[in-house]
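I have placed the structure first, in the form of structure tokens, so that the comments after it can refer back to it.
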Amino acid sequence: MCDKGSMAQYTRVSGFVGLITLQNPPVNALSAAVRQGIVDMVERALSDPIVKSVVICGQNGNFCGGADIKEFGTNMSGPPLVPMIDAIEAANKPVVAAIEGSALGGGLELALGCHYRIAHSKARLGLPEVTLGLLPAAGGTQRLSRLIGVPAALNLITTGIHVTAAQALQLGIVDQVTDHNAVEVAVTFSLSVAGQSMDARRISTYPCPLPSDFDALFEGVMQKVRQSARGAIAPVACVQAVRAAATLPYTKGMEREQELMATLFTSGQARAQQYCFFAQRAVGRWRMPSGARWETSKPMPVHKAAVIGLGTMGRGITVALAQTGLSVVAVETQEKQLMEAKQAVSGMLERGAKRHGVAPMLDRISYSQNIQAVAEVDLVIEAVFEDMALKTEVFQQLSAVCKPGTLLCTNTSALDVDKLASEMPNPELVVGMHFFAPAHVMKLLEVVYGPRSSPQAVATAMQLGKKMGKVSVAVGNCRGFVGNRMLMPYLQQAFFLLEEGATPELVDRALEEFGFPMGVFRMSDLSGLDIGWRVRKRDELVEPDMASGQSARIRQGSRYSPLGDLLCEQGRFGQKTGQGWYRYDKPGSRVARSDPWLHSFLVEYRARHGLVPRSIDHQEVLERCLYALINEGFRILEDGIAAGPEDIDVIYVFGYGWPRHRGGPMFYASMVGLAKILERLEHYQQAHPDVPYLQPSSLLRRLVASDSPPIHRWREVIKKYQSQL
Ligand SMILES: CC/C=C/CC(=O)SCCNC(=O)CCNC(=O)[C@H](O)C(C)(C)COP(=O)(O)OP(=O)(O)OC[C@H]1O[C@@H](n2cnc3c(N)ncnc32)[C@H](O)[C@@H]1OP(=O)(O)O
């Protein structure tokens, strides 16, 4: 017996078992039609006198990826989840969830409403709603806390982590784990408990086990969550909902869960986080200005890769490559550095393997001082010192040594990938792979293509990035690519604010309250002030003799702040020297302390340059720094360096600490209102006419003139704009 056409299929199996299969590929999300299907099929199974038990599973070996996120923000129709799950729990016949693939969010909540849960050993379970700016509001906070206790429930719900089937068994989320077909095991099991009372299996009736140090536990967790949430409201609401489970009867706890969810659901934060979810997936569907795109570009096979240069970046890249299971040749010409790198890489791999309970991939890597060792690899990632002449020399050696067709990638954060490619006999095989430090930890990868890069080369780098667990974004070649290019106006405004009267503490506090993990000055101290200094020297911006006077603050016809250069001249390179924008107890210390020297230095500097300090508030800091950065984002879209706003937002959320609950800079701009951003930029540009970065971009003007369309429609305006250039 079977009901095809519905998004939940009903079949009677083994004579007496009603098998309900969710059918909504690819993840069997609980759309309105799926929920309706479940309600109808459960009713059918329960009213059929022949059926003794029920099994719920998902099509194609995937239980359920939760509520259909695409439905959020629409007029949600169809049966709601809570009564649907309550009806399953109240059933007088055993209902067993057969969990294969994932049981996430509403999917796990559905399983928690069942009387038993049987998981395949490869299944993964979790309540990731917090990552979407929500909480598990189909009874998840109330049932999970009752089932596994408050501390474990808090951990899962406030972080959104996915657990393996083995972990779920240990926690008590599932009753059985099997290596066999979970549906068949569940069917047999359901028959073995048929006819029994299910009273003891209804989780909503369980008392919530209370920890002895209840108040201290919640206080501690709340403090930790508030700190790490950086202004996100969902993690806090999750703690409050679990607290309700621990203190209120089930029905009252459910009311609280719904109340908290209603606040989150309508918040801009949830919209921002759901936008990030889809943006992260959209960047995988890359396209180049030439029209080449992801569907039509086949990646080359990569079995063996090489890394040239084993400094900090090269070591991280080697670790990340080895962890994908690839064979890696790691090359460093200096023997001492090679030995040190080998030790460091082995240590990183061992620590990583220990954390994940697997064997370290040490034997995947061979080390060599000789570049000839890369002769047989399919792809090379060069990670030598950031110097064009050196990189060109290495690339020339590589093209002489490597087998034909080897993809040559440069890990550069700013150098011209086209220029490098133009020196090679096969420029189509050259792309940039801009990793972020530490390269084995940071999720972002900018894949930089030039006009000559072949679509196949881009596809290969993008696929390799994915295998390495990175969120890879394909971007065009320009100074700083996307991320660092947008950072320039942001940093520049921060320096100008100091000249005008702000302190590093004030600027950092404003940015940290906005949600960045670190303000711009603390971040500069961490990365090292000398890095920017070196770049500015290369750009001939640093002029040490011009200590005072108006001309000391003008370069190439525009306003310039030499503050960073002056600090570097004093040997203040940040954390590593114990002094930068802040002072540190000793070189390498991490705790930034206010530095009276720096404050006096700023006072003297302003006096020397005839600058009258004024009071600057957080609003101005945010508008000046963030709107200048956003403005550059619009220019990047104008230039076709990023294909769409999602690319920019993903880069900023995954690589630059932009708070996810604010959706990325371009999404944030759409929330603030493009007209407002334009008005503020015009205002600041009038006040600072010598700052080109504050000149509103033509695309921003065009979007405002087109009635500020929603972000998903910007691409149409961009396309029209570009076609008219
Ligand atoms: C009333 C409010 C109730 C809320 C409770 C909830 O349930 S909220 C939703 C909670 N669920 C999640 O957060 C899970 C989100 N999905 C994932 O984490 C992953 O997709 C996955 C299930 C682990 C599968 O990962 P995999 O890497 O295999 O695939 P993709 O991530 O690329 O996804 C494939 C396509 O499916 C789309 N998609 C995934 N989950 C959902 C979903 N819950 N709703 C709608 N669409 C979903 C995803 O966007 C991909 O689509 P493409 O068009 O191919 O990009």
- Item | Cys208, sole failed condition from (1) over 25 Å from Pro80 (Cβ atoms); (2) open to solvent by 10 Å² or more (accessible area, probe 1.4 Å) | (1)
- Item | Subset tally (residues that are closer than 17 Å to Leu19 by Cα and either in contact with a Lys or Arg (Cβ under 9 Å, 6 or more places away or on another chain) or buried (at least 17 other Cβ atoms within 10 Å of the Cβ) (or both)) for segment 178-194 | 10
- Item | Unmet requirement for Ala245, which otherwise passes all of (1) more than 16 Å from the ligand (Cβ to nearest atom); (2) more than 23 Å from Arg117 (Cβ to Cβ); (3) open to solvent by less than 60 Å² (accessible area, probe 1.4 Å) | (2)
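With the condition kept exactly as written, say whether any residue in segment 376-388 is out of contact with any Phe, Trp or Tyr (no Cβ under 6 Å at 6 or more places or on another chain) and more than 30 Å from Arg479 (Cα to Cα). Outline the logic, then answer.
Within segment 376-388, the first condition is being out of contact with any Phe, Trp or Tyr (no Cβ under 6 Å at 6 or more places or on another chain), and the residues that meet it are 376-388.
Then drop every residue that is not more than 30 Å from Arg479 (Cα to Cα), which leaves 376.
Yes - at least one qualifying residue is present in segment 376-388.
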- Query: Quick one: how many residues across segment 274-331 are in contact (Cβ under 8 Å) with a residue 12 or more places away in the chain and assigned to a loop (DSSP other than H, G, I, E, B)?
  - Reply: 20
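Go through Pro94, Pro136 for me and flag whichever is modelled with pLDDT of 95 or more, near the ligand (Cβ under 10 Å from one of its atoms) and not small (Gly, Ala, Ser).
Numbers: Pro94 fails: near the ligand (Cβ under 10 Å from one of its atoms).
Every option except Pro136 fails the conditions.
Yes or no, residue by residue, for (1) within 25 Å of Ala320 (Cβ to Cβ); (2) open to solvent by 20 Å² or more (accessible area, probe 1.4 Å); (3) at pLDDT below 95:
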| position | (1), (2), (3) |
| --- | --- |
| Lys252 | no, yes, no |
| Gln274 | no, yes, no |
| Ala282 | yes, yes, no |
| Arg285 | yes, yes, no |
| Met300 | yes, yes, no |
| Lys304 | yes, yes, no |
| Gly309 | yes, no, no |
- Note on the structure: When (1) of a type outside the set (A, V, I, L, M); (2) farther than 19 Å from Gln36 by Cα; (3) within 15 Å of the ligand (Cβ to nearest atom) are applied to Gly107, the one that fails is (2)
- Note on the structure: Counting only residues in segment 476-521 that are open to solvent by 10 Å² or more (accessible area, probe 1.4 Å) and under 18 Å from Val431 (Cβ atoms), the one modelled with the lowest pLDDT is identified as Arg479
- 1 or more residues within 25 Å of Pro665 (Cα to Cα): qualifying helices (runs of 4 or more DSSP H) within segment 414-505: 455-467, 483-500
- Note on the structure: For Ser145, the lone unmet condition from (1) within 11 Å of the ligand (Cβ to nearest atom); (2) more than 19 Å from Asn181 (Cα to Cα) is (1)
- Message: Suppose we keep only residues that are of a type in the set (A, V, I, L, M) and open to solvent by less than 20 Å² (accessible area, probe 1.4 Å) within segment 610-640. Which one would you say is farthest from the chain's Cα centre (by Cα)?
- Response: Ile616
- Message: I need the full set of residues from segment 102-129 which are among the hydrophobic types (A, V, I, L, M, F, W, C) and open to solvent by less than 10 Å² (accessible area, probe 1.4 Å), in order please.
- Response: Ala103, Leu108, Leu110, Ala111, Leu112, Cys114, Ile118, Ala119, Ala123, Leu125, Leu127
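Within segment 696-719, count every residue that is open to solvent by 60 Å² or more (accessible area, probe 1.4 Å) and either aromatic (Phe, Trp, Tyr) or without any contact (Cβ under 8 Å) to a residue 12 or more places away in the chain (or both). If you could, list the steps in order and put the result at the bottom.
So the first thing to find is which residues in segment 696-719 are open to solvent by 60 Å² or more (accessible area, probe 1.4 Å), and the list is 701-702, 705, 707, 710, 712-713, 715-716, 719.
If we keep only those that are either aromatic (Phe, Trp, Tyr) or without any contact (Cβ under 8 Å) to a residue 12 or more places away in the chain (or both) as well, we get 705, 707, 712-713, 716, 719.
Here the count works out to 6.
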- Message: Please verify whether Pro80 is at pLDDT 95 or above, within 11 Å of the ligand (Cβ to nearest atom) and surrounded by fewer than 19 Cβ atoms within 10 Å (Cβ to Cβ), treating the condition exactly as stated.
- Response: yes
- Out of all the residues in segment 662-695, which are touching a strand residue (DSSP E or B) at 6+ places or on another chain (Cβ under 6 Å) and open to solvent by 10 Å² or more (accessible area, probe 1.4 Å)? Asp690, Pro692
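Going through Ala45, Ala33, Ala67 one at a time, which residue ends up being within 9 Å of the ligand (Cβ to nearest atom) and not polar (S, T, N, Q)? First the steps, then the outcome.
On the way: Ala45 fails: within 9 Å of the ligand (Cβ to nearest atom); Ala33 fails: within 9 Å of the ligand (Cβ to nearest atom).
Testing whether each residue is within 9 Å of the ligand (Cβ to nearest atom) and not polar (S, T, N, Q) leaves just Ala67.
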- Exclusive hit being touching a residue at least 12 places away in the same chain (Cβ under 8 Å), in a helix (DSSP H, G or I), under 22 Å from Val193 (Cβ atoms) and in the same structural domain as Phe189 (by TED's automatic domain parsing), set Ala45, Ala97: Ala45
- Within segment 48-64, restricting attention to residues that are more than 11 Å from the ligand (Cβ to nearest atom) and part of a loop (DSSP other than H, G, I, E, B), which residue is surrounded by the fewest Cβ atoms within 10 Å (Cβ to Cβ)? Pro49
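Residue by residue, here is whether (1) surrounded by fewer than 23 Cβ atoms within 10 Å (Cβ to Cβ); (2) more than 25 Å from the chain's Cα centre (by Cα) holds:
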residue: Gly314; (1), (2): no, no
residue: Ile317; (1), (2): no, no
residue: Ser327; (1), (2): yes, yes
residue: Ala330; (1), (2): no, yes
residue: Lys336; (1), (2): yes, yes
residue: Glu340; (1), (2): yes, yes
residue: Gln343; (1), (2): yes, yes
residue: Ala353; (1), (2): yes, no
- Restricting the search to segment 250-293, which residues are within 13 Å of the ligand (Cβ to nearest atom) and either assigned by TED's automatic domain parsing to the domain that holds Lys470 or of a type in the set (A, V, I, L, M) (or both)? Leu260, Met261, Ala262, Leu264, Ala270, Ala279, Ala282, Val283
- Task: Take segment 376-413 and flag every residue that is assigned to a loop (DSSP other than H, G, I, E, B), touching a Lys or Arg at 6+ places or on another chain (Cβ under 9 Å) and of a type in the set (Ser, Thr, Tyr).
- Result: Thr412
- Determine which single condition Val473 fails, assuming it passes every other condition in (1) crowded, with 19+ Cβ neighbours inside 10 Å; (2) farther than 21 Å from Ala437 by Cα. (2)
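If you check Thr159 against the conditions, is it under 34 Å from the mean Cα position of the chain (by Cα), surrounded by 20 or more Cβ atoms within 10 Å (Cβ to Cβ), at pLDDT 95 or above and within 16 Å of the ligand (Cβ to nearest atom)?
When the stated conditions are applied, Thr159 does not pass them.
The values are calculated or read from the model by the stated rules, or taken from the named source; none is laboratory data. Remember, it's a predicted structure, so these values are computed and weren't measured experimentally. Cβ coordinates were reconstructed from backbone atoms using ideal geometry, including for glycine residues, and neighbour counts include every protein chain displayed. To get the accessible areas, we keep the full protein, side chains included, count just its heavy atoms, and leave off ligands, DNA and RNA. Shrake-Rupley method; radii C 1.70, N 1.55, O 1.52, S 1.80 Å.
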